[in-house]
1. In the list Thr225, Thr230, which residue meets the criterion of being near the ligand (Cβ under 9 Å from one of its atoms), modelled with pLDDT of 95 or more and under 26 Å from Gln56 (Cα atoms)?
2. Just checking, which of Leu255, Leu213 is more than 13 Å from the ligand (Cβ to nearest atom) and either in contact (Cβ under 8 Å) with a residue 60 or more places away in the chain or over 19 Å from the mean Cα position of the chain (by Cα) (or both)?
3. Only one of (1) aromatic (Phe, Trp, Tyr); (2) within 11 Å of the ligand (Cβ to nearest atom); (3) buried (at least 22 other Cβ atoms within 10 Å of the Cβ) fails for Phe200. Which number is that?
4. Within segment 367-402, can you find the residues that are assigned to a loop (DSSP other than H, G, I, E, B) and touching a Pro at 6+ places or on another chain (Cβ under 7 Å)?
5. Within segment 426-460, restricting attention to residues that are surrounded by fewer than 22 Cβ atoms within 10 Å (Cβ to Cβ) and hydroxyl-bearing (Ser, Thr, Tyr), which residue is nearest to the ligand (Cβ to nearest atom)?
6. Return the only residue of Gly68, Gly94, Gly130 being touching a residue at least 40 places away in the same chain (Cβ under 8 Å) and on the phi > 0 side of the Ramachandran plot.
7. Quick check on segment 242-258. Is at least one of its residues over 16 Å from Ala149 (Cβ atoms), out of contact with any helix residue (DSSP H, G or I) (no Cβ under 9 Å at 6 or more places or on another chain) and surrounded by fewer than 24 Cβ atoms within 10 Å (Cβ to Cβ)?
Amino acid sequence: MNVQPAASLFLNGRPVEGEGDALPVLYPYTGEEIASLREATTGQVAEACKAAAAAQVEWAALAPVERGRVLLRAAAIIRERNEELSRLETLDTGKPIQETLVADWESGAAALEYFGGLAATVTGQMIPLGSDWAYTIREPLGVCAGIGAWNYPSQIACWKAAPALAMGNAMVFKPSEETPLGALKLAEILIEAGLPAGVFNVVQGRGAVGAALVTDPHVAKVSLTGSVPTGRKVYAAAAEGIRHVTMELGGKSPLIVFDDANLDDAVGAAMLANFYSSGQICSNGTRVFVQSGIREAFLDKLQARIATIRIGDPLDPDTQHGPIVSAAQAGKIRAAIAAGEAEGARLVCGGPGEGAFVPPTVFADATDQMALAREEIFGPVMTTLAFEDEDEVIRRANATGYGLAAGVFTRDLARAHRVAARVEAGTCWINAYNLTPVEMPFGGVKMSGVGRENSAAAIEHYSQLKTVYVGMGSVDAPY
Ligand code: NAD
């Protein structure tokens, strides 16, 4: 299998070969090298930012409806090619084709449609001040840097590019070094849709390339999707230049199941919240709090359904659970499983697995103090914890530095809304989990992040206000 792109980078409207270190792209299922890329040098990062700064001026001068039209055309191209793009996404990430066909480029296209449509609706405010008045203009920030994680590479590129471009910014995007291919496709598609050269650029590389991008003098804003430790570094580097930031970071989210819940739905949601994309999802509900009366029934149903999960070749349309993105990540997940066993949690099913695969794994009898219940694993590992009552579970659910998401399953509507109000999370699902349509804001509180992606809320994170005061009379100076 060979999916070598025309070149490693996309600078100023065309593919350009990277001149930095080698960046092999491995298919997680087989370990086979499917493309051989090169990182961008610091000079090439600077070149990308310079091209973006030059292109941004003309792009911002277009009528918003014209910018929107380009994004809508790009979305239509993505939808036409969804099958071919999803196959590439599966090769890049190892995620099952039955997932990538519906969740990756599809969600990226929705973001381009949403922000393409929204572009022309963004207006300022007129502020009456007696005889004088003021008005506001929402202006682009300039050049935005986007830095992605490896779990949803093409979706992340679209979620960042769509609002940025809609508001008249240019972007230099660095995908994760593990999954560099999708962003290059997005760059090609945007050009085909009519985007002027230089408005969307792609550089490749590991953390050092990301660091060079964040501190480039042309960059006005940085949007990162990644882990908390990386977020801390990127936020600090951005602060040096007082750059705007959006930080989409990790989590250890609680999913709370009360004893009146529809058990089948709660079990299904807990599985989606832990095993979709082999558990490599930031908002996963990895701490499943189950009220003690239904604990055994919950675990029995869970085990029975896990036994039917089809694990295997990600390109087989029947496969439901694919490999982990890299051997390094599989190793980290196995270490977390081993630590959970050593800490005394009960392994209900699954375990370390072998090769590229870690099977759906469930722990019971865990305590809040165990690393299993505190640290983000980013793999298919569910930790179940028993609880007695609402106050107790809220206190325990909130006893974490993270705050990305939460879920509650109950048939008691008043309780559902009470819990949603009390959990410290950017998103709380009631009788659902991990649904992130573009219409609703997404992002974290506490250490899970700053800012929001998707929805009209994202507009504020890709623009700034200019206020214009209009004096209508003579100037009343006391001098
Ligand atoms: P990571 O933090 O290792 O890397 C993220 C990106 O940052 C990569 O592109 C990497 O090259 C880059 N990077 C690393 N060091 C850098 C530096 N010093 N300066 C600039 N860039 C740097 O994360 P990962 O392992 O790729 O992804 C998994 C993490 O991402 C998990 O913690 C997960 O929860 C989080 N995540 C969050 C969201 C969200 O929306 N909140 C979505 C997906 C993943």
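1. Working: Thr230 fails: under 26 Å from Gln56 (Cα atoms).
After ruling out the rest, the residue left standing is Thr225.
2. Working: Leu213 fails: more than 13 Å from the ligand (Cβ to nearest atom).
Selected residue: Leu255, the only one of Leu255, Leu213 that is more than 13 Å from the ligand (Cβ to nearest atom) and either in contact (Cβ under 8 Å) with a residue 60 or more places away in the chain or over 19 Å from the mean Cα position of the chain (by Cα) (or both).
3. (2)
4. Step one: list which residues in segment 367-402 are assigned to a loop (DSSP other than H, G, I, E, B), which gives 367-370, 375-380, 388-389, 398-402.
Matches in segment 367-402: Pro380 only.
5. Here the answer is Thr436.
6. Values: Gly68 fails: on the phi > 0 side of the Ramachandran plot; Gly130 fails: touching a residue at least 40 places away in the same chain (Cβ under 8 Å).
One residue alone meets the criteria, Gly94.
7. Taking every residue of segment 242-258 in turn, at least one turns out to be over 16 Å from Ala149 (Cβ atoms), out of contact with any helix residue (DSSP H, G or I) (no Cβ under 9 Å at 6 or more places or on another chain) and surrounded by fewer than 24 Cβ atoms within 10 Å (Cβ to Cβ).
Okay, residues lined up against (1) touching a helix residue (DSSP H, G or I) at 6+ places or on another chain (Cβ under 9 Å); (2) touching a residue at least 60 places away in the same chain (Cβ under 8 Å); (3) surrounded by fewer than 19 Cβ atoms within 10 Å (Cβ to Cβ):
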| position | (1), (2), (3) |
| --- | --- |
| Ala52 | no, yes, no |
| Trp59 | yes, yes, no |
| Ala75 | yes, no, no |
| Ile78 | yes, yes, no |
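The values are calculated or read from the model by the stated rules, or taken from the named source; none is laboratory data. No experiment lies behind these values; they were computed from the predicted model shown. Neighbour counts run over all protein chains shown; Cβ positions are idealised from the backbone, glycine included.
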